[in-house]
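The values are calculated or read from the model by the stated rules, or taken from the named source; none is laboratory data. It should be emphasised that the depicted structure is a prediction, and the values quoted were computed from it without experimental measurement. Here the Cβ positions follow ideal geometry from the backbone for every residue, glycine too, while neighbour counts run over all protein chains shown.
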Amino acid sequence: MYKLMIVEDDPGIAEAIAKQAELWDFETQTVRNFRRIKEEFAEFSPHILLLDISLPFYDGYYWCSELRKLSNLPIIFISSASDNMNIIMAMNMGADDFIAKPFDMSVLMAKLQAVLRRTYDYSDTPQLLSHRGAFLNPSDGTLTYNGEGITLTKNEIKILSCLLESKGRTVSREKLMERLWKTDEFIDENTLTVNVNRLRRKLDAAGLEGFISTKIGQGYIIE
């Protein structure tokens, strides 16, 4: 089941889209807090996004740019401001399509299905992971915090992904080593320690002090 996120401040339109999409077997979520779109996006981890231009606080162009830093998921603009300038601006900001209001629901659903087929038929769709305002996209290994990218090695990405997937629970050193090397044989524990310490230094330098905690004799945890 594909997950559709609807960023639309007209409750009637948002509800109508959600109801129609659910008939097409989408799991849907409409934005509740227009100041926390990034956080709601990360929590829901949608496969596709419908985005209005005129929104409270910041417009759709701003959010398109912000979300593009976190994910390459398809974004479709829906707006009554359908002049050429807005369409061109939407595409330049990274949108995959633009649908003018008012629109026919069946046409909207057909466009959603077409974009999803092009995007996901031949690819995996790992979830976006987040904590304390930091966002990790496991598909391309990008970690962002306060709008800035943090460069990680492949091992650091695997460690951080594993810890974020188990957020709030202690992850044993054995599980982390298995995640890193896909085996529990002939593994030097010192190598894991080196990787974790290097990851911590990078997180601390970016302003994420104490992001990873040690549980002595048990492993590591993101609390």
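If you go through region 1-39 and pick out every residue that is crowded, with 18+ Cβ neighbours inside 10 Å, part of a helix (DSSP H, G or I) and among the charged types (D, E, K, R), you end up with 1.
Listed here are the residues, each with its yes/no results for (1) touching a helix residue (DSSP H, G or I) at 6+ places or on another chain (Cβ under 8 Å); (2) at pLDDT below 90; (3) not charged (D, E, K, R).
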{"residue": "GLU8", "(1), (2), (3)": "yes, no, no"}
{"residue": "ARG32", "(1), (2), (3)": "yes, no, no"}
{"residue": "ILE37", "(1), (2), (3)": "yes, no, yes"}
{"residue": "LEU49", "(1), (2), (3)": "yes, no, yes"}
{"residue": "ASN86", "(1), (2), (3)": "no, yes, yes"}
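Of everything in region 40-77 that is within 22 Å of GLN113 (Cβ to Cβ) and among the β-branched types (Val, Ile, Thr), the residue that is surrounded by the fewest Cβ atoms within 10 Å (Cβ to Cβ) is ILE76.
Of all residues assigned to region 97-110, none qualifies as being of a type outside the set (Val, Ile, Thr) and closer than 23 Å to LEU143 by Cα.
Among the residues making up region 83-105, those that are over 27 Å from the mean Cα position of the chain (by Cα) and over 16 Å from CYS64 (Cβ atoms) are ASP83, ASN84, PRO102, PHE103, ASP104. Evaluate region 154-170: report whether one residue or more is under 27 Å from LYS69 (Cβ atoms) and in contact with a Gly (Cβ under 6 Å, 6 or more places away or on another chain). For region 154-170, residues under 27 Å from LYS69 (Cβ atoms) and in contact with a Gly (Cβ under 6 Å, 6 or more places away or on another chain): present.
Residue-by-condition table, conditions (1) of a type in the set (A, V, I, L, M); (2) in contact with a Pro (Cβ under 6 Å, 6 or more places away or on another chain); (3) within 19 Å of LYS3 (Cα to Cα):
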{"site": "LYS69", "(1), (2), (3)": "no, no, no"}
{"site": "ASN72", "(1), (2), (3)": "no, no, yes"}
{"site": "ILE76", "(1), (2), (3)": "yes, no, yes"}
{"site": "ASP83", "(1), (2), (3)": "no, no, no"}
{"site": "ASN92", "(1), (2), (3)": "no, no, no"}
{"site": "LYS101", "(1), (2), (3)": "no, no, no"}
{"site": "MET105", "(1), (2), (3)": "yes, no, yes"}
{"site": "VAL115", "(1), (2), (3)": "yes, yes, yes"}
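Only one of the numbered conditions (1) closer than 17 Å to THR144 by Cβ; (2) modelled with pLDDT under 90 is not met by TRP63, and that is (2).
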